[in-house]
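A short worksheet on the structure shown next.
Read-outs: derived from the displayed coordinates by stated rules, not from any lab. Values in this document were obtained by computation on a predicted structure and should not be read as measured data. As a convention, Cβ positions derive from the backbone with ideal geometry for all residues, glycine included, and neighbour counts pool all protein chains shown.
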Amino acid sequence: MSNLSNELKQYAYEKDTLKTKLGQFCHFKLLISFSIWLTSYVMMGVFGGAVAFYHFPRVFPRQPRPDPLPDFGYDIVPYFCPSAGISNPQSIILLLFYLFVFLGACNKPAPQGRLAVQQLLHLNTLVFLMRTTTVGLTGLPQPNPRCVDIQSIRASYLESIEYVFRHILPHACGDLVFSGHISCMFMCVVVYHRRKLFKGILAYAVIWFLALLGTLAVISCRSHYSVDVMLAFYFVYFIQDWYYSRGDVYAVNRNYNQTVVSCIAWLEDRRPTQELNLIDSKGKHMGFVHTTPNTSDDSASEGSDVLFL
């Protein structure tokens, strides 16, 4: 009888824990982060992908193949791009990476899981904004065989917007510099490591294998030139470094008056140490004791003197 009682208590505890883990995603700040992400995504399609499609050089007379620039990656990796409907291998891997982030976040206590998802949304937003400023600047000959049917047809800018959003999600020929698939995949890898979403070296080995496989797929599908892939690696490194250097303990404590730092800190429930001490002193004066939640799931740069509300 006691064993049954203990099992029921354990079941109730696990049920309450699951509710708490899933309930952390019902938060207005996560909705704000998603709205920022969605807005930047649409902006990238309208002002980036559509401009790139409108601007890339057309091929005349009509040819049955693309007319790409010389590329060392294409010399080494032959064309191979199995498709599943309208998706290519790198898109499937990217969707898996997003799913892995959410599943890993669901396994984290509140608010760690929500913060992991928010940080990915913020990092992707920066990628989208950067791509918006680069993809349409210089029109390059498109290398993708799937764009052969459209490469000899001129289009107005409004027609370009319609083409980009023909499958609802933005997708265009000619939006090359730099690779969005590579950037978003490796931003997921950054979040996996920064937020420690998985345990064990095997999980991270699989993640890195899939990331490298996705990189190979981008080149083998001729979705981007090799230089677009290399530039994506550089952008990922500097974007994540810029973001986390404005959300760590030092930045929050020393530069909280800066708009970018205070905005990131507010979205991620952070407060300067001085403000926390003030809250502690007021709480003790009123008879309350302030305790800082466990932040051991964060990276070392996210010290315990920053409060996660």
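Details
- Cβ-based charge dipole, the stretch 58-155, positive-most Cα from Leu121, Thr134, Phe97: Leu121
- For the pair the stretch 210-277 and the stretch 120-137, the centres of their Cα atoms are 11 angstrom apart.
- Built amide H within the under 5 Å cut-off of Phe56, gap 5+: none
- Neighbour-count ranking [beta-carbon atoms within 10 angstrom, fewest first] of Ile76, Ile92: Ile76, Ile92
- Taking amide H as placed 1.01 Å from N in the peptide plane, Leu140 has no amide H partner under 5 Å among residues 5 or more places away or on another chain.
- Magnitude of the charge dipole for the stretch 51-245, about its Cα centre and with charges confined to Cβ atoms of Lys, Arg (+1) and Asp, Glu (-1), is about 560 debye.
- Modelled spin-label separation between Glu162 and Tyr250, with each label point placed 7 Å from Cα along the Cα-to-Cβ direction: 5.3 nm.
- 3J(HN,Hα) from dihedral phi, the stretch 39-44, Karplus parametrisation 6.51/-1.76/1.60, rounded to Hz, x for glycine, proline: 4, 5, 5, 5, 4, 4
- Table column - 3J(HN,Hα) (Hz), the stretch 226-232, Karplus curve with 6.51, -1.76, 1.60, x for Gly and Pro: 4, 5, 5, 5, 4, 4, 4
- For the stretch 51-245: rounded, prolate or oblate by the Cα gyration tensor [a/c cutoff 1.5]: prolate
- Gain in span if fully extended, Asp149 to Arg62, counting 0.36 nm per residue against the direct Cα distance: 30.4 nm
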